[in-house]
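Data block below; observations after.
The values are calculated or read from the model by the stated rules, or taken from the named source; none is laboratory data. All values reported here derive from a predicted model rather than from experimental measurement. Because the Cβ atoms are built from the backbone with ideal geometry, glycine has one as well, and the counts that use them run over all protein chains shown.
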């Protein structure tokens, strides 16, 4: 298993661990897709509000991430393979292409807040829709997509990647609590 290259590294501007200065949230540097990497992710406490938080790794500056092309409602779309994401995100330009090929297309409002790990502000979400994904090998599934108003990349998360057979996880050791 590959470990994060920033694991154990001290950031020079803020002196905190587990991220490089290039991705430091404490500095005044340019914003990048990956903001901070930690070995432990804490989820927010459940609240009684109507919104839910979902997470993804990155959708900006994602030129080096693995990609694949799938059919979404019959339209070819190149997506980032993000095994750490809990959602499927499409940009508005891609959804406009899907709309032209699907007369019954409906975008509905969404209360879900989607955040990149380490980001304070959620993505600007236009809405959501349920659509089909088909891989080149013929595997398919129906999922909920969230539509970003930004010029972000399109992304598939862990659940859809595994359901489509695009990602498999093979653990070679069982985790044991050592206390």
(request) Identify, by number, the condition in (1) over 18 Å from residue 80 (Cα atoms); (2) part of a strand (DSSP E or B) that residue 147 doesn't meet. (result) (1)
(request) For region 137-145, indicate whether the set of residues that are surrounded by 11 or more Cβ atoms within 10 Å (Cβ to Cβ), closer than 15 Å to residue 69 by Cβ and touching a residue at least 12 places away in the same chain (Cβ under 8 Å) is non-empty. (result) yes
(message) Kindly evaluate residue 152 against the criterion of being surrounded by 15 or more Cβ atoms within 10 Å (Cβ to Cβ), touching a residue at least 24 places away in the same chain (Cβ under 8 Å) and in a loop (DSSP other than H, G, I, E, B).
(response) yes
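Every residue, every condition in (1) touching a strand residue (DSSP E or B) at 6+ places or on another chain (Cβ under 8 Å); (2) modelled with pLDDT of 95 or more, yes or no:
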site: 72; (1), (2): yes, yes
site: 85; (1), (2): yes, no
site: 104; (1), (2): no, no
site: 120; (1), (2): no, no
site: 123; (1), (2): yes, no
site: 128; (1), (2): yes, yes
site: 150; (1), (2): yes, no
site: 167; (1), (2): yes, no
site: 173; (1), (2): no, no
